[in-house]
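The values are calculated or read from the model by the stated rules, or taken from the named source; none is laboratory data. Worth saying up front: this structure is predicted, and the values here are computed from it rather than measured. Cβ sites come from the backbone with ideal geometry, for glycine too, and all protein chains shown count toward neighbours.
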């Protein structure tokens, strides 16, 4: 009997670790490596509070996104957003896939790989040609493997987490035993006050909370394949998710510290890819930089492959007249073009879009985790999204290039918005309206449902 109980516990523990690994693999990629390092450089002496904000939007919200899919038993992002309305669900699906796909997410994988694996070893005058050739080979290989399924990607992906974690552990041990300097460096302007909120908004750049709404269905199917359903599935996901985000938060804090320490010997970098390459180069010479570059390239390549495949599959479902193969050609070619704009440009242009999509995603997660099974859920979904959409659009405009914000009507709207709506000046103008819409939706929905029930009872008398 004892052996049976012990064997069952070991099996449960083994499955918990497997699911934790699956979640961590979905969360952690190249973006999760580079943004915390740059955050540490920007936050300086305020590194801890900035890292705290980053951990909330970069770790907690993605876990809630997975739980939202699990709790609602959704079979995709369209299914998850459908309570708001079919047209909205289709539009939201398109916006999310364009963002995590060819407009920002997919080209960012190749741009990050280039800046960490090849750029440090190329003369400056070959930068443009090097980027063109690197991204051409990168997306050419992604296209070929997406059309001919190959076990190579699964094998590489299987060992990547272990490789990343081992490399990071070595970097952390060496860097913390022999730090580059202290933590008393001055913060950049946006981190001198409200460092936590600035870190929170920096976490948007991981795109994880948005992406996992679209991609976590694969995870859910994998866990169901282990024999878990309904409450057991939710409970296991919560436990495994807690383990994985605890590890991720530790890594985030370590990377932020690396960035904060580095300012004693390095100048502020253009982005986190450059910063991490420079830090590793200081400790492990050019060999260390090259090894990290190869590791990151393999990691982002498997991510890119998943993104182009997911984009082509979902758009073929939405627009079946265009074949999967043609959608695959579209996403790989557009990703190639955008990647050549460079990592800094991609990050700069993605911010306005993320300022729109993150509030809408968080509003959807809030409704999904709280009222999805209520008879009046549709009203709550609609009210919450409606109250979120307007400030989200204004936040998008506020973070757009000057050519947009300097327009007279836009500047006037933003001035009123920042004066009237709480936290709007901090980039969180959606926060209060979202909760107002959520509460009003519950009240209105409950009253309407109660009235309908009373009407049914009267008709049955």
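Of all residues in the stretch 49-103, how many are free of Cβ contacts under 8 Å to residues at least 40 places away in the same chain and closer than 24 Å to residue 347 by Cα? So the answer is 2. For the residues 372, 392, the requirement of being in a loop (DSSP other than H, G, I, E, B), surrounded by 15 or more Cβ atoms within 10 Å (Cβ to Cβ) and touching a helix residue (DSSP H, G or I) at 6+ places or on another chain (Cβ under 8 Å) singles out 372.
Conditions tested, residue by residue: (1) outside any helix (DSSP H, G or I); (2) modelled with pLDDT under 90.
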| position | (1), (2) |
| --- | --- |
| 71 | no, yes |
| 75 | yes, yes |
| 81 | no, no |
| 90 | no, no |
| 99 | no, no |
| 102 | no, no |
| 111 | no, no |
| 134 | no, no |
| 137 | no, no |
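Might you check whether a residue that is part of a loop (DSSP other than H, G, I, E, B), crowded, with 19+ Cβ neighbours inside 10 Å, in contact with a helix residue (DSSP H, G or I) (Cβ under 7 Å, 6 or more places away or on another chain) and at positive phi occurs anywhere in the stretch 427-438? Scanning the stretch 427-438 turns up at least one residue that is part of a loop (DSSP other than H, G, I, E, B), crowded, with 19+ Cβ neighbours inside 10 Å, in contact with a helix residue (DSSP H, G or I) (Cβ under 7 Å, 6 or more places away or on another chain) and at positive phi. Within the stretch 320-331, can one find any residue that is at pLDDT 90 or above and crowded, with 24+ Cβ neighbours inside 10 Å? Checked the stretch 320-331: at least one residue is at pLDDT 90 or above and crowded, with 24+ Cβ neighbours inside 10 Å. Only a single criterion out of (1) surrounded by 15 or more Cβ atoms within 10 Å (Cβ to Cβ); (2) assigned to a loop (DSSP other than H, G, I, E, B) is not satisfied by residue 422, namely (1). Among residues of the stretch 390-405 that are at positive phi and without any contact (Cβ under 8 Å) to a residue 12 or more places away in the chain, none has a beta-carbon under 6 Å from a residue that is surrounded by 14 or more Cβ atoms within 10 Å (Cβ to Cβ) and part of a helix (DSSP H, G or I) at least six positions away or on a different chain.
Quick grid of which residues meet (1) at pLDDT below 90; (2) more than 21 Å from residue 204 (Cβ to Cβ):
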residue: 384; (1), (2): no, no
residue: 393; (1), (2): no, no
residue: 398; (1), (2): no, no
residue: 411; (1), (2): yes, yes
residue: 416; (1), (2): no, yes
residue: 427; (1), (2): no, no
residue: 430; (1), (2): no, no
residue: 436; (1), (2): no, yes
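Report yes if residue 377 is buried (at least 19 other Cβ atoms within 10 Å of the Cβ), more than 30 Å from residue 304 (Cα to Cα), more than 25 Å from the chain's Cα centre (by Cα) and at pLDDT below 95, otherwise no. Yes. Answer with yes or no whether residue 256 is in contact with a helix residue (DSSP H, G or I) (Cβ under 8 Å, 6 or more places away or on another chain), modelled with pLDDT under 85, within 27 Å of residue 21 (Cβ to Cβ) and not in a loop (DSSP other than H, G, I, E, B). In short, no.
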